[in-house]
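The next block holds one structure in the form of structure tokens; read it before the comments.
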Amino acid sequence: MSILDAANKPKNILEMLSFDLTKFFADNDYCEIESKDIEGVFMVEFEKEFPLVELGMFDKVVFRLFNDKDNINGSNHINVTMPANPRYVTQKNAKALINSLYAIYGYDDDRKGEWDEADIKMFQVKDLERQWTIGNDKCVYAVKMSYTENHGFYLKIFFFNRLVEAIKKENEQSYY
């Protein structure tokens with residue numbers, strides 16, 4: 001890998017996307033799709049279509065915002081889900097996604113690396129799942145890819161707001 005390649009290599013999931021997820025609410029082209037009030041936690045889901053198909057499979061994104069009514073000081077969180085359009089779900093696209101996530105984050109939570117024979121079999125029976133838990137202290141977030149018969153193929157970012165916080169910290173440290 002050349003120095004130029006290393007400089008252009010994505011450092012996190014957000015850099016893999018052409019759409020800037022941090023600007024989800026910048027325009028009013030999203031819609032509220034669900035809200036629930038469950039045991040002191042208020043949850044709202046918003047959906048937006050991507051202008052382009054992302055990572056070969058994803059044409060929309062859903063933001064799920066959680067608000068703990070007992071905690072008004074701000075430790076609420078956001079989960080992001082990108083459900084794949086079924087017509088774009090191919091073994092080739094799934095392999096590319098797993099290998100890209102491995103290139104960024106390394107081994108997943110189950111110590112699996114790049115796409116392998118087991119992944120092929122799990123993809124064929126629609127029982128494929130990979131998760132990377134990243135960070136430390138208060139900046140822990142997770143990236144999960146899953147493909148099941150019931151839920152289809154999707155990519156999730158748990159604690160999206162912590163990912164954004166971790167990126168800000170990284171950028172601040174790189175200036176010193």
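The values are calculated or read from the model by the stated rules, or taken from the named source; none is laboratory data. What you see is a predicted model; the values in this text were computed from it and never measured. Neighbour counts run over all protein chains shown; Cβ positions are idealised from the backbone, glycine included.
Here are the numbers:
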item: Met43 vs. criteria touching a strand residue (DSSP E or B) at 6+ places or on another chain (Cβ under 8 Å), farther than 23 Å from Asn161 by Cα and not charged (D, E, K, R); result: no
item: Asn67 surrounded by fewer than 19 Cβ atoms within 10 Å (Cβ to Cβ) and either at pLDDT below 95 or more than 16 Å from the chain's Cα centre (by Cα) (or both); result: yes
item: Qualifying residue in the stretch 119-129 (condition: touching a Leu at 6+ places or on another chain (Cβ under 9 Å) and in a strand (DSSP E or B)); result: no
item: Complete set of residues in the stretch 104-142 that are farther than 24 Å from Ile167 by Cα and touching a strand residue (DSSP E or B) at 6+ places or on another chain (Cβ under 7 Å); result: Lys112, Asp119, Met122, Phe123, Lys126, Asp127, Leu128, Glu129
item: First in the stretch 153-164 and crowded, with 19+ Cβ neighbours inside 10 Å, second anywhere and among the basic types (Lys, Arg) and not in a loop (DSSP other than H, G, I, E, B), Cβ under 7 Å, 6 or more apart; result: Phe158/Lys144
item: Glu34 being modelled with pLDDT under 95 and either of a type in the set (Lys, Arg) or surrounded by 11 or more Cβ atoms within 10 Å (Cβ to Cβ) (or both); result: yes
item: Odd one out for Pro10 among (1) touching a residue at least 24 places away in the same chain (Cβ under 8 Å); (2) surrounded by 13 or more Cβ atoms within 10 Å (Cβ to Cβ); (3) not in a loop (DSSP other than H, G, I, E, B); result: (3)
